[in-house]
C-alpha cells in the first residue's frame, strides 16, 4: 500500500511517542508483491533528550486470513520461545500481542497484530529518555495507539 507512511506521519507519531524531533528516514513499499501489498515506514529521533527507532510494517495478504493467520501464529510462537515479556492484546484486531525486553538504559519491543488478511507490526528500539529507559507500560500504550492508527490509515 504505497503512500501509507504519508498517512501515518512522523509529526503525529512524534506527538504520540513524546518524540518531537521524530523524522521519517525511509519507506519501502510495493503494491505488486507476490504475497500482497506491503509498506514499511522507518522513523528515528536521536538527540540528548530522547532516542527512538520506530518501524511500522503493513502487509495485506492476497489470500486473506487463510494466509495471514498461519504467518501470525508462526511469528507468535517463535517470539514466545525467545524469552522476554509477552502479553496478548485481545482488543486489537483478530489477534495481537505485545513483546518487550530491556534494562535500565533502553527498552525495545513490538506489537504484532492481525485483522483478517492484514498483518501489522509496530517495532521500537533504543527507546530512552536521556540515560533512562522509557517505562515499558508507557511504551506499550504508545505502540498500541500507533497500531490502531496504522489499521485506520490502511482502511479502504
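The values are calculated or read from the model by the stated rules, or taken from the named source; none is laboratory data. Remember, predicted model here, so these are calculated numbers, not experimental data. With ideal geometry, Cβ positions are generated from the backbone for all residues, glycine too; neighbour counts draw on all protein chains shown.
Structure notes:
- Set side by side, the residues 100, 124 differ, and just one is outside any helix (DSSP H, G or I), in contact (Cβ under 8 Å) with a residue 60 or more places away in the chain, surrounded by 13 or more Cβ atoms within 10 Å (Cβ to Cβ) and under 17 Å from the mean Cα position of the chain (by Cα), which is 124.
- Residues of the range 127-156 classified as in a strand (DSSP E or B) and over 19 Å from residue 79 (Cβ atoms), total: 4
- Residue in the range 115-126 that is out of contact with any helix residue (DSSP H, G or I) (no Cβ under 8 Å at 6 or more places or on another chain) and over 13 Å from residue 17 (Cβ atoms) present: yes
- Enumerated strands (runs of 3 or more DSSP E) restricted to the range 1-85, each holding at least 3 residues that are surrounded by fewer than 17 Cβ atoms within 10 Å (Cβ to Cβ) and modelled with pLDDT under 85: 23-30
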